[in-house]
Amino acid sequence: MLLRLVRRSYAAVRPLSTEAATTVRSTRSGGGTSTTTSLEGSTGTGGKDTLGKRLLSLVYAKRSAVIAIRKWKEEGHPVRKYELNRIVRELRRHKRYKHALEVCEWMRVQDDIQLVSGDYAVHLDLIAKVRGMNSAEKFFEDLPDKLKVQTTCTALLHTYVQHKDTAKAESLMEKMSECGFLNCPLAYNHMLTLYISQGQLEKVPRLIEELKKNSSPDIVTYNLQLAVFASQNNVEAAEKAFVELKKAKLDPDWITFSTLTNIYIKNSLQDKAKSTLREMEKRISRKLRFAYASLISLHTNLESKDEVFRIWKEMKSLFRKLSDTEYTCMISSLLKLDEFGEAMKLYTEWESVSVTKDTRISNLLLGAYINKNEMEKAVEFHSRMVQKGISPSYTTWELLTWGYLKQKEMDKVLGFFKKAVTCVSKWDPDTKMVKEMFHVVEEQGNIQVAEQLLVTLRHAKYVNTEIYNALLRAYVNAGKMPMIVAERMKKDNVKMNEETQKLIGLTSKMTVTEVPDSVA
């Protein structure tokens, strides 16, 4: 929950890391300002050919933005700096970082284009995204001293935060302090984001106090602070921070009220939660599309079914096409509200319009069937997924494994578990699942499945002393003696412990079994 709240607040921080670059002086050689944030001026409308349209049409990363710009110039068209800046912002918005970087690099070598520090800040940020932190550091080091100013330093700090390099970020903050570059909250907000994401909450209060000495907190600062209080379930501190925010004459945004609503819901303060939720809704609009999913989730947590349906209806009227994320949010909410029929209707709608065939959405319904212990319907639904071209993922097989594990049908458990571990390049061990599987085979004395589980885990490179002990306990319950256990453990580089010795002693008095095919 804390990381989700931080990501919301951090979304407001990210564009600010190169804030100066979004209001840059621009002409071929300077003069004038522009704060346009869309490509309306550069892409044009209708069938008009523009440089912006050409650059945005370079869908594949291998295509060159520089070649497109050169061709545009050769055709006799002017290339203006303010226009290129708008194109770079739009490319960044679409996460087309490679082409955005190429545009920046082209501008840098033009004699008739004068760059300012904000342009270099954008350039540095793009280098970090495309080539990594080390390249961004090298770019910064190679800048003339006159360009190592607040904007470029903050861009480098932003890079350290994104790479979670606390030591370098703290060192840079010290240097920025010495240079007098900490007279606005932006750098502090980056550091707050880093500390919160790393769970270093003890550093937050001191940093905020330092911020207050050098500058004034902004709405992002308060939202990050509220995220911390939400994680600590501290209603009193959150309300105190909100009062302080109002006294500072800052306008709370939708994130502010979303975080407060979450705190109130967790503390069963329903009336307050409904009040802040109303305030949140007043602050969202078509431009803040991602806020609607948060609104649905909060109404779901308040068990306000009518409000959930109302918001969803509004979203469908506002947006021509809904995303997988939005369908996921709504289907999850309907399942949480025990509206399985409505969830299935919505899933069918998604199924008919989806081009992604995202298995994560299908897994929501599959998991719902399994949670209701309706395994026959779960298997039927899984077949439907496959027929519709939705490829099963690790989670799909994991869900089916758990479903049959609850029913203790170990042959089916084994089959789905094998599919789960073999469909990923590297299996992240689910110790709870492994423990439960061996608990059942021990209980049943099912040595055949126990042996096959061991083989599957060996292929997944997850074999240890406890797994061998569980295997031996299954043999004990079956009244059988396993063969060459010590040799097998040695081959798997697994050491015996006291329990292993005891179990081998118990089974040595039992009926001998054949050497399993897997180790024969």
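The values are calculated or read from the model by the stated rules, or taken from the named source; none is laboratory data. None of the values given here were measured: they were computed from a predicted structure. So basically every Cβ, Gly included, is an ideal-geometry build from the backbone, and we count neighbours across all protein chains shown. For accessibility, only protein heavy atoms count, side chains too; no ligands or nucleic acids. Shrake-Rupley method; radii C 1.70, N 1.55, O 1.52, S 1.80 Å.
Restricting to the range 457-490, and then to whatever is part of a helix (DSSP H, G or I) and of a type in the set (S, T, N, Q), can you tell me which residue is least open to solvent (accessible area, probe 1.4 Å)?
Ranking the qualifying residues of the range 457-490, first place goes to Asn469.
Within the range 119-139, does at least one residue satisfy the condition of being closer than 28 Å to Leu224 by Cα, more than 28 Å from the chain's Cα centre (by Cα) and touching a residue at least 40 places away in the same chain (Cβ under 8 Å)?
Taking every residue of the range 119-139 in turn, at least one turns out to be closer than 28 Å to Leu224 by Cα, more than 28 Å from the chain's Cα centre (by Cα) and touching a residue at least 40 places away in the same chain (Cβ under 8 Å).
Looking at this structure, is Glu314 open to solvent by 50 Å² or more (accessible area, probe 1.4 Å), of a type outside the set (A, V, I, L, M) and in contact with a His (Cβ under 6 Å, 6 or more places away or on another chain)?
no
How many residues does the range 206-220 contain that are under 16 Å from Lys246 (Cα atoms) and either at pLDDT below 95 or open to solvent by 30 Å² or more (accessible area, probe 1.4 Å) (or both)?
Number of matching residues: 4.
Is it the case that Lys426 is open to solvent by 30 Å² or more (accessible area, probe 1.4 Å) and in a loop (DSSP other than H, G, I, E, B)?
Yes, satisfied.
Could you check the range 337-383 and list, in sequence order, the residues that are among the hydrophobic types (A, V, I, L, M, F, W, C) and open to solvent by 70 Å² or more (accessible area, probe 1.4 Å)?
If the condition is that a residue be among the hydrophobic types (A, V, I, L, M, F, W, C) and open to solvent by 70 Å² or more (accessible area, probe 1.4 Å), then Val353, Val355 are the ones that fit.
Tally the residues that are touching a residue at least 24 places away in the same chain (Cβ under 8 Å), open to solvent by 50 Å² or more (accessible area, probe 1.4 Å) and either in a helix (DSSP H, G or I) or under 14 Å from Phe242 (Cα atoms) (or both), restricting the search to the range 255-278.
Qualifying residue count for the region: 3.
Which residues, taken from the range 166-181, are touching a helix residue (DSSP H, G or I) at 6+ places or on another chain (Cβ under 7 Å) and open to solvent by 10 Å² or more (accessible area, probe 1.4 Å)?
Matches in the range 166-181: Thr166, Lys168, Leu172, Met173, Phe181.
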